[in-house]
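The values are calculated or read from the model by the stated rules, or taken from the named source; none is laboratory data. Treat the numbers as computed from the prediction; the structure is a model and nothing was measured. Don't worry about glycine lacking a Cβ; one is built from the backbone with ideal geometry, like all the others, and counts go over all protein chains shown. Heavy atoms of the whole protein, side chains included, go into the accessibility calculation; ligands, DNA and RNA do not. Shrake-Rupley method; radii C 1.70, N 1.55, O 1.52, S 1.80 Å.
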Amino acid sequence: MDILIVFEAKEGQAHRMSLEAVAAAQSMAKELNLTTAVLVMGKDAKSLAENASALDVGEVLTLEHDLLSEYSADGYTEALKQIIAQESPSYVVMGYTYQARDWVPKVSAQLTIPYISDVISVKAEGESPVFTRMVYNGKLISDITPTGGETAIVSFQAAAYPEDSVISGSAETRSVEVELGASMISTVSEPPFQEESGGVDLSGAEVIVSVGRGIGKEENIPLVEALAKSLNAEVGSSRPIVDAGWLPTFRQVGSSGQSVAPKLYLALGISGAIQHIVGMKGSKNIVAINKDAEAPIFEIADYGVVGDILEILPKLTEAIEQ
Amino acid sequence: MKIGVLVKQVPVSDSSLRVNPDQLWVEEGSLNFEMNENDSYALEEALQIKEQSGEGEVVAISMGPADRTPKIIREALSKGADRGIHIVESSSHESDPYILATLFNEAVKDEGFDLVLSGLQSDDMSTGQTGLILGELLGMSTATMVVETEIQGENLKVKRELESGWFQWVTLSLPACVTIQSGINQPRYASLKGIMSAKRKEIRELQKDELMTGDSLQSLSKMYVQHKDKRTEMIEGDTQEIVSRLVDVFKSEAKVL
Ligand SMILES: Cc1cc2nc3c(=O)[nH]c(=O)nc-3n(C[C@H](O)[C@H](O)[C@H](O)COP(=O)(O)OP(=O)(O)OC[C@H]3O[C@@H](n4cnc5c(N)ncnc54)[C@H](O)[C@@H]3O)c2cc1C
């Protein structure tokens, strides 16, 4: 095959971003006239293979090995290296998941092949693809081309290609093998766990008033709480507010925190980094107030105000209370 | 415990960015630079690990132009790093994480670090790869997105952040290279005494052009502004007008009032 799509499991099924990667690969395959295959590995290989064989891909490669049943960066790295050697794909694609962050650069380093991370789109220039990715926290875009190696690895940003654009079909499975030894794995991992949320499930909230670093200092947080109260809303926040300890962890919206989809999401002094946006872009109405007219949050806002939240918040609360 | 920390200078976060006429990089002339946020967490973690073990050394390592990079290294020194290494480059147009990592590898491979820390990504190119590739080139065990560390004899135990509020503990054998996620600690401010003593600390300069690199694996062919596809209604006017339109939107569009 030309494009090998590496699947990742989430709760036993294909990760949403793996399906998005299929959508990306299918679009690449169409534009550049390439063939595709999916690679599934780990303890969920069987159910992932089932997911994958219902898609319009060339074939599904299943890889089962005791040392791959639990994820380890070293194990996955070694396995993909061997599969690349056996199958010689021109491209290896996957979602830019947190797990991909942890191991895929190692494959690139060990094989000295390009790895272009967090890609938002692919366009064809002649025979070869050009990959587009965000730089400077989403303020600018850059075009990247692989320049060395027989194989290039590419990972796609969440929602860059929508899951519902995946073309279904049917594909045969084929089992593949690698040789792994326990000594190749230099880390010992414990089972994943969730921290006591102790708090609120923001996912059901109808209105969320969310605060970012633009609030300036901890003493200003009550301005946000007052507005939330007037709107009968939950308070949400971006990561830096939680990092600073100004609000508890369960208030964080984004890829590391909660995913929300309220009727109204008010983003106050939030720049709109992708890791925040993935957690709230499903909101029905997004209203952003930011003093920087170029802040990426305005890319996804339905309503935007270029202004100072410290000035607007008290007046807005007052107006709502009347 | 001998610890290396990668610290990068990046444009301050609310910078207004303009692309150069060649469309290959941003105009840097008028920008102000600061330490990449995740790197400042990595630096603090390194300082705390050293303080807890009661001995050792923290070395701050940075690559960048001569005008702005020493300031970032001095900041690390004034917070408590013991010495610095500066890879001097004439321009900062390097976007291939593999090349960056090979340069760092050349600069530090003889240091014998027990631990190398860096932020999990930089706020400019954000490839999220440089630290991890350096760990590979140095032959170290690796982990990413670390939000807690604990030295246990010959091992390092780290708490890794997973998606949506999940975590996992991973034990690595030293020497190790890990990338640090924000929020792991509360970075300190430099004390006046720290600032004074930083002036006497060594910063070793290496010229980028004299270091060996591998062949590049990817190249940036164009940088530009994203075109916008969502229609945003921009609400304008004085504060009173803005407030009343917002209330209107809450009532009649979002229907939450
Ligand atoms: C792996 C990973 C996971 C992450 N997970 C998350 C996550 O789950 N959630 C999350 O939010 N982030 C997450 N982040 C961090 C994310 O990349 C951003 O750093 C973060 O979202 C920025 O928060 P912010 O917008 O509040 O701060 P900044 O980016 O600093 O933006 C502050 C904004 O406030 C504006 N402002 C300043 N003063 C005022 C004022 N007076 N009035 C109006 N506007 C003002 C500024 O113009 C600026 O746009 C993650 C990052 C990584 C790498």
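Details
- Put simply, the amide H of B:Glu34, placed in the peptide plane, has neighbours under 5 Å in B:Val10, B:Val12, leaving out anything fewer than 5 places away on its chain.
- Chain B: mean projected area of Cα convex hull, nm²: 18.6
- Based on protein heavy atoms only, the range A:188-254 ends up with 48 Å² per residue of surface accessible to a 1.4 Å probe.
- Here is the list for the range B:156-257: chymotrypsin sites (Phe, Trp or Tyr not before Pro) lying in DSSP coil, each with at most 15 other C-beta atoms within 10 angstrom of its C-beta, are B:Tyr189.
- Using alpha-carbon coordinates, inclination of helix B:97-108 to the longest axis of chain B, degrees: 30
- Surrounding net charge for A:Glu321, when Lys and Arg each add one and Asp and Glu each subtract one, Cβ distance under 12 Å: +1
- Rolling a 1.4 Å probe over the heavy atoms of the protein chains gives the range A:3-184 an accessible area of 37 Å² per residue.
- Take every Cα pair under 8 Å whose residues are at least 6 apart in sequence, average their separation, divide by the length of the range B:2-211, and the relative contact order is 26 percent.
- GNM flexibility winner over chain A from A:Val260, A:Val104, A:Val178 (Cα, springs under 10 Å): A:Val178
- Ligands, DNA and RNA left out, the accessible area of the protein assembly as shown computed with a 1.4 Å probe is 47% carbon and sulfur.
- Beta-bridge orientation, the protein assembly as shown: approximately 35 percent antiparallel, per DSSP, counting only bridges with both partners inside.
- Of the trypsin sites (Lys or Arg not before Pro) found in the range A:146-234, those that fall in a DSSP loop while having at most 10 other beta-carbon atoms within 10 Å are A:Lys217.
- Vicinal HN-Hα couplings computed from phi for the range A:49-63 (Karplus, 6.51 cos²θ - 1.76 cosθ + 1.60; Hz; Gly/Pro x): 4, 4, 3, 6, 6, 8, 10, 7, 9, x, 7, 10, 9, 10, 10
- For the pair B and A, the buried accessible area comes to roughly 7300 Å² in total, with a 1.4 Å probe and the value rounded to the nearest 100.
- The antiparallel fraction among DSSP beta bridges confined to chain A stands at about 25%.
- Interatomic Cα distance distribution for the protein assembly as shown, bins of 20 angstrom, percent: 20, 54, 25, 1
- The lysines whose alpha-carbon is closer than 20 Å to the alpha-carbon of B:Lys199, local same-chain residues fewer than 8 away aside, are B:Lys8, B:Lys71, B:Lys79.
- Counting DSSP beta bridges with both ends in the range A:97-176, the antiparallel % (nearest 5): 80
- Karplus (6.51, -1.76, 1.60) ³J(HN,Hα), θ = phi - 60°, over the range B:244-257, in Hz, Gly and Pro reported as x: 6, 5, 4, 4, 4, 4, 4, 6, 9, 9, 7, 6, 10, 10
- For B:Lys222, the aspartates and glutamates whose Cα falls under 17 Å of its own Cα, not counting residues fewer than eight places away in the same chain, are A:Asp118, A:Glu125, A:Asp143, B:Asp22, B:Glu27, B:Glu28, B:Glu94, B:Asp96, B:Asp124.
- Within the range B:173-253, the GluC sites (Glu not before Pro) that combine a DSSP coil assignment with at most 16 other C-beta atoms in a 10 angstrom radius are B:Glu202, B:Glu236.
- Relative contact order %, chain A, counting alpha carbon pairs below 8 Å whose residues are six or more apart: 15
- Residues whose amide H falls under 5 Å from that of A:Ser121, counting only those 5 or more places apart or on a different chain, are A:Thr132, with hydrogens built in the peptide plane.
- Pairs beyond 25 Å (Cα-Cα), from A:Lys229/A:Lys284; A:Lys139/B:Lys50; A:Lys10/A:Lys46; A:Lys43/A:Lys106; A:Lys106/B:Lys230; B:Lys50/B:Lys109: A:Lys139/B:Lys50; A:Lys106/B:Lys230
- Amide proton proximity set for B:Glu233, modelled H, under 5 Å, gap of 5+: A:Tyr303, A:Gly304
- Computed over the range A:3-184: relative contact order in percent, which uses C-alpha pairs under 8 Å that are six or more apart: 31
- Each listed q (0.09, 0.15 Å⁻¹) maps to a log10 I(q)/I(0) for chain A from the Debye sum over equal C-alpha point scatterers, namely -0.54, -1.16.
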